[in-house]
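These notes concern the structure reproduced below.
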Amino acid sequence: MGMFDYLRVEIEIPGCGDCSAEEFQTKDFENLMYQYVITKNGELYKECWEYKWIDDDSLQYTKGYLERIPDSYRREYLTNYHGDVNFYSGSMLAGKLRDYYARFTEGKLTQIWYTDK
(Lines give C-alpha, C1' and ligand atoms only; values in the text may rest on other atoms or scores of the structure.)
Protein backbone atom coordinates (compact mmCIF):
# COMPACT_ATOMS: atom_id res chain seq x y z
CA MET A 1 0.00 0.00 0.00
CA GLY A 2 2.69 2.51 0.94
CA MET A 3 2.63 6.05 2.22
CA PHE A 4 0.62 8.93 0.81
CA ASP A 5 -0.35 12.54 1.55
CA TYR A 6 -3.73 14.04 2.38
CA LEU A 7 -5.57 16.58 0.24
CA ARG A 8 -8.57 18.74 1.12
CA VAL A 9 -10.50 20.54 -1.61
CA GLU A 10 -12.40 23.73 -0.73
CA ILE A 11 -14.01 24.14 -4.16
CA GLU A 12 -16.81 22.13 -5.74
CA ILE A 13 -15.55 19.13 -7.67
CA PRO A 14 -17.28 17.79 -10.78
CA GLY A 15 -18.91 14.48 -9.91
CA CYS A 16 -18.62 15.15 -6.17
CA GLY A 17 -20.03 18.63 -5.52
CA ASP A 18 -19.12 20.09 -2.14
CA CYS A 19 -16.58 17.61 -0.82
CA SER A 20 -14.84 20.05 1.52
CA ALA A 21 -15.43 17.69 4.47
CA GLU A 22 -13.81 14.80 2.56
CA GLU A 23 -10.16 13.93 3.14
CA PHE A 24 -8.62 12.63 -0.07
CA GLN A 25 -5.35 10.78 -0.52
CA THR A 26 -2.70 11.39 -3.15
CA LYS A 27 0.68 9.91 -4.07
CA ASP A 28 1.68 12.88 -6.23
CA PHE A 29 3.61 14.83 -3.57
CA GLU A 30 6.09 13.65 -0.92
CA ASN A 31 4.16 10.61 0.42
CA LEU A 32 4.99 11.48 4.03
CA MET A 33 1.44 11.96 5.37
CA TYR A 34 1.64 15.72 4.77
CA GLN A 35 -1.52 17.74 4.29
CA TYR A 36 -2.32 19.84 1.24
CA VAL A 37 -5.31 21.98 0.28
CA ILE A 38 -6.80 23.38 -2.91
CA THR A 39 -8.37 26.65 -1.76
CA LYS A 40 -11.58 28.36 -2.90
CA ASN A 41 -9.32 30.60 -5.01
CA GLY A 42 -7.88 27.54 -6.80
CA GLU A 43 -4.47 27.87 -5.15
CA LEU A 44 -2.41 24.91 -3.95
CA TYR A 45 -0.98 25.03 -0.43
CA LYS A 46 0.92 22.70 1.87
CA GLU A 47 -0.48 22.89 5.40
CA CYS A 48 2.20 22.99 8.09
CA TRP A 49 2.46 22.89 11.87
CA GLU A 50 5.34 23.02 14.31
CA TYR A 51 5.70 20.03 16.64
CA LYS A 52 7.34 19.29 19.97
CA TRP A 53 8.47 15.93 21.31
CA ILE A 54 6.60 14.64 24.37
CA ASP A 55 8.37 11.98 26.44
CA ASP A 56 6.06 9.12 27.39
CA ASP A 57 7.66 6.00 28.88
CA SER A 58 4.34 4.16 28.65
CA LEU A 59 4.89 3.87 24.88
CA GLN A 60 6.89 0.68 24.46
CA TYR A 61 8.83 1.42 21.28
CA THR A 62 9.03 5.17 20.79
CA LYS A 63 8.95 6.31 24.45
CA GLY A 64 7.25 9.49 23.26
CA TYR A 65 5.33 11.21 20.49
CA LEU A 66 5.06 14.43 18.51
CA GLU A 67 2.43 16.95 19.54
CA ARG A 68 1.32 19.96 17.50
CA ILE A 69 2.27 23.29 18.98
CA PRO A 70 -0.86 25.45 19.37
CA ASP A 71 -1.08 28.44 17.01
CA SER A 72 1.79 27.16 14.84
CA TYR A 73 -0.38 26.48 11.76
CA ARG A 74 0.73 28.06 8.49
CA ARG A 75 0.22 27.47 4.77
CA GLU A 76 3.01 27.35 2.21
CA TYR A 77 1.76 28.49 -1.20
CA LEU A 78 3.17 26.17 -3.88
CA THR A 79 3.48 28.92 -6.49
CA ASN A 80 5.75 26.92 -8.78
CA TYR A 81 3.70 23.71 -8.85
CA HIS A 82 2.99 22.77 -12.44
CA GLY A 83 1.27 19.54 -13.43
CA ASP A 84 -1.55 17.16 -12.59
CA VAL A 85 -2.47 15.88 -9.14
CA ASN A 86 -4.41 12.61 -8.89
CA PHE A 87 -6.44 12.24 -5.69
CA TYR A 88 -8.98 9.72 -4.45
CA SER A 89 -10.92 8.46 -1.45
CA GLY A 90 -12.23 5.08 -0.41
CA SER A 91 -15.82 6.28 -0.80
CA MET A 92 -17.92 4.86 -3.59
CA LEU A 93 -20.22 7.08 -5.64
CA ALA A 94 -22.98 5.38 -7.61
CA GLY A 95 -21.26 2.05 -6.93
CA LYS A 96 -17.94 3.17 -8.43
CA LEU A 97 -14.58 4.28 -7.14
CA ARG A 98 -13.66 7.65 -8.56
CA ASP A 99 -10.26 9.18 -9.28
CA TYR A 100 -10.07 12.97 -9.40
CA TYR A 101 -7.49 15.06 -11.21
CA ALA A 102 -6.51 18.68 -10.73
CA ARG A 103 -4.25 20.48 -13.20
CA PHE A 104 -2.09 23.35 -11.94
CA THR A 105 -0.07 26.00 -13.76
CA GLU A 106 2.28 27.96 -11.49
CA GLY A 107 0.30 26.96 -8.40
CA LYS A 108 -3.11 27.93 -9.82
CA LEU A 109 -5.87 25.42 -10.63
CA THR A 110 -6.68 25.43 -14.35
CA GLN A 111 -8.80 22.29 -14.67
CA ILE A 112 -10.40 19.60 -12.51
CA TRP A 113 -12.06 16.35 -13.66
CA TYR A 114 -12.68 12.72 -12.68
CA THR A 115 -12.72 9.18 -14.05
CA ASP A 116 -14.66 6.20 -12.70
CA LYS A 117 -12.99 2.87 -12.06
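The values are calculated or read from the model by the stated rules, or taken from the named source; none is laboratory data. As the structure is a computational prediction, the values presented were derived from the model and not from experiment. Because the Cβ atoms are built from the backbone with ideal geometry, glycine has one as well, and the counts that use them run over all protein chains shown.
Restricting attention to the range 81-105, the residues being of a type outside the set (Asp, Glu) and modelled with pLDDT of 90 or more number 13. Pairs linking a residue in the range 102-117 that is under 14 Å from VAL9 (Cβ atoms) and touching a residue at least 40 places away in the same chain (Cβ under 8 Å) to a residue that is surrounded by 14 or more Cβ atoms within 10 Å (Cβ to Cβ) and of a type in the set (Lys, Arg), with Cβ atoms under 6 Å and 6 or more positions apart or on different chains, are TYR114/ARG98.
Given the condition surrounded by 13 or more Cβ atoms within 10 Å (Cβ to Cβ) and not in a strand (DSSP E or B), answer yes or no: does some residue in the range 89-99 qualify? Looking for residues that are surrounded by 13 or more Cβ atoms within 10 Å (Cβ to Cβ) and not in a strand (DSSP E or B), one finds none in the range 89-99, hence no.
What's the total number of residues in the range 41-50 that are over 18 Å from TYR65 (Cβ atoms) and touching a Ser or Thr at 6+ places or on another chain (Cβ under 9 Å)? It would help to see each step written out before you state the result.
Step one: of the range 41-50, the residues over 18 Å from TYR65 (Cβ atoms) are 41-48.
From what's left, touching a Ser or Thr at 6+ places or on another chain (Cβ under 9 Å): 42-45, 48.
Residues flagged as over 18 Å from TYR65 (Cβ atoms) and touching a Ser or Thr at 6+ places or on another chain (Cβ under 9 Å) within the range 41-50 amount to 5.
Those residues that are part of a strand (DSSP E or B), among the β-branched types (Val, Ile, Thr) and under 15 Å from ALA102 (Cα atoms), I need them from the range 32-88; list them, please. Even if it seems obvious, please write down each step before you answer.
Quick first cut of the range 32-88, residues part of a strand (DSSP E or B) only: 35-38, 43-48, 51-55, 64-68, 74-77, 83-88.
Okay, now just the ones that are also among the β-branched types (Val, Ile, Thr), so 37-38, 54, 85.
Those that are part of a strand (DSSP E or B), among the β-branched types (Val, Ile, Thr) and under 15 Å from ALA102 (Cα atoms): VAL37, ILE38, VAL85.
Checked against the criterion of being among the hydroxyl-bearing types (Ser, Thr, Tyr), more than 17 Å from ASP5 (Cβ to Cβ) and touching a strand residue (DSSP E or B) at 6+ places or on another chain (Cβ under 7 Å), the candidates THR105, THR39, THR110, THR79 yield just one match: THR110.
Could you tell me whether any residue of the range 50-64 is of a type in the set (A, V, I, L, M, F, W, C), within 22 Å of THR115 (Cα to Cα) and modelled with pLDDT of 95 or more?
no
Of the residues making up the range 2-22, those that are among the β-branched types (Val, Ile, Thr) and over 11 Å from the mean Cα position of the chain (by Cα) are ILE11, ILE13.
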